[in-house]
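*Asks:* Once you've had a glance at the structure underneath, I'll fire off some questions.
Please treat every number below as a calculation from the coordinates, not as lab data. No experiment lies behind these values; they were computed from the predicted model shown. Note: ideal-geometry Cβ built from the backbone for every residue, glycine included; neighbour counts use all protein chains shown.
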Amino acid sequence: MRDNENPRRSLLLGRRTVLRGAALGTAAPLLPATAATAAGSTATPSAVPTPVSRPAAASASTPAPAPAPSVAASFRWFGTAGWRIDVDGRTVLFDPYLTRFRTGLFDGAFDAGTELRTDPGLVREHVGHPELVLVSHAHWDHLADVPHIARTTGARVVGTETTYHLLVAFGVDPGQISVVKGGEVLDFGGGVTVEVVASLHSRNKKYSYFAPGTLHAPPATPPRTISDLPEGDTLAFQVTAGSAGPSAFLMGASDFCERAARGLRPDLAMVAVPAGTATHDYVPRLLRALDRPDVVVPVHWDNFEEPLTAPPRRDPSMDLDGFVAQVRRSSPAGRIVVPDYRTVYGGDMRPLD
């Protein structure tokens, strides 16, 4: 089937064109906005190219489409791959890891026996009243706070079979958990649509996964340490706010399935920064598959054992500057926004007042 014969692609093209010309609504800030750049980063919003609109061609006899209604959407980065997305007063979380306890990973003394823990007060301060929690995979820096969030808020959790079994072992009501594999397009009402995308976890320099493994039943006892949390396959998600967007592609790890990502056409792409070059042409292939989103937001480049009250500090294994340079070469008409923890962004990833 050719692109112009694909009705889903035609709908996405129309929505993306309308979004680029429409003024997005704003939501009340969660915290006062600050500079939209991580400390020490050279990729400031003012230093990247201004996006260039690519409106759909129309004949003189074709009337211009009516503007789509705006949707109040805001985004806040939790560090690592985590996000809080608020859409007209409704909250969606993605990989919300907030407690950020120390494992020795960033000082050369990694301890796989580090005990899992959650800081309830800290979590409550940041997550609000979520209706939906999306989980990319089950490593501790993505899942550790999810059991507490699910039990205390009643939010629905969407994730893999492994995520399901781990959460059940943690005491989460099985009826709250939706198991997905990739390919599902889920309508949660009120203008929130979630497309599940089959994805892959990052590979290390030996071309291997970190802590692989899947579960087909709950473990006999609740997980106690970070080594009790296997990856369990990896997902990406595309969250769309209303018929006019914005749509945000959310990654939990720095690899992807090119065929699954092709044709998504998000307005925003929250892209995990790779720690090496094991994945061939990672940035060019991903941005080409996503049709070069208007805004690329690097994530998972920070030291996620530092508190959210401090400015983001880089993971020394991540080449954030090199990643930004690759994005500029692959998508010169787009914007790059390097996020920080204390800024609330609008639906176009510009800081809200």
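*Asks:* Any idea what the relative contact order of segment 211-328 is, in percent, if you count C-alpha pairs under 8 Å spaced at least 6 apart?
*Replies:* On the way: 162 pairs, mean separation 22.8, N = 118.
Once divided by the residue count of segment 211-328, the mean separation gives 19 percent.
*Asks:* Using every pair of alpha-carbon atoms in segment 101-169, split the distances into 10 Å bins beginning at 0 and state the percent of pairs per bin, rounded to integers.
*Replies:* Spelled out per bin, shortest first, that is 18, 49, 28, 5.
*Asks:* Taking θ = phi - 60°, what integer Hz values does the Karplus form 6.51 cos²θ - 1.76 cosθ + 1.60 yield along segment 110-127, in sequence order, with x for Gly and Pro?
*Replies:* 4, 10, 5, x, 4, 6, 6, 7, 9, 9, x, x, 5, 4, 4, 4, 9, 8
*Asks:* Rg and Dmax of segment 165-224, Cα atoms, in Å?
*Replies:* 15.4, 45
*Asks:* Give the residue list of trypsin sites (Lys or Arg not before Pro) in segment 139-193 that are DSSP loop and have at most 13 other beta-carbon atoms within 10 angstrom. Don't jump to the answer; show the numbers that get you there.
*Replies:* Details: sites: Arg151, Arg156, Lys181; in loops: Lys181.
Here the trypsin sites (Lys or Arg not before Pro) that fit, given the DSSP loop and packing criteria, are Lys181.
*Asks:* What is the extension gain from Ala109 to Lys206, computed as 0.36 nm multiplied by their sequence separation minus the C-alpha to C-alpha distance, in nm to one decimal? If you can, show how the numbers build up before the last one.
*Replies:* Details: separation 97, 0.36 × 97 = 34.92 nm, distance 2.00 nm.
In short, 32.9 nm is gained.
*Asks:* Rank the residues His142, His201 as a footprinting-exposure proxy: fewest other Cβ atoms within 10 Å of their Cβ go first.
*Replies:* Details: His142 27, His201 20.
If I rank by nearby Cβ atoms, fewest first, I get His201, His142.
*Asks:* With 10 angstrom as the radius, rank Thr153, Thr114, Thr162 by how many other C-beta atoms surround their C-beta, starting from the fewest. Walk me through the intermediate numbers first.
*Replies:* Values: Thr153 19, Thr114 16, Thr162 22.
Least to most surrounded, the residues fall as Thr114, Thr153, Thr162.
*Asks:* Can you give the three extents of the C-alpha atoms in segment 238-299 along their principal axes, from longest to shortest, in whole Å?
*Replies:* Principal-axis extents of segment 238-299 (Cα, largest first): 37, 21, 16 Å.
*Asks:* Further question on the same structure: Where does each of Thr221, Thr103, Thr343 land when they are ranked from fewest to most other beta-carbon atoms within 10 angstrom? Display every interim value, and only then the final one.
*Replies:* On the way: Thr221 8, Thr103 20, Thr343 23.
The most exposed by this proxy come first: Thr221, Thr103, Thr343.
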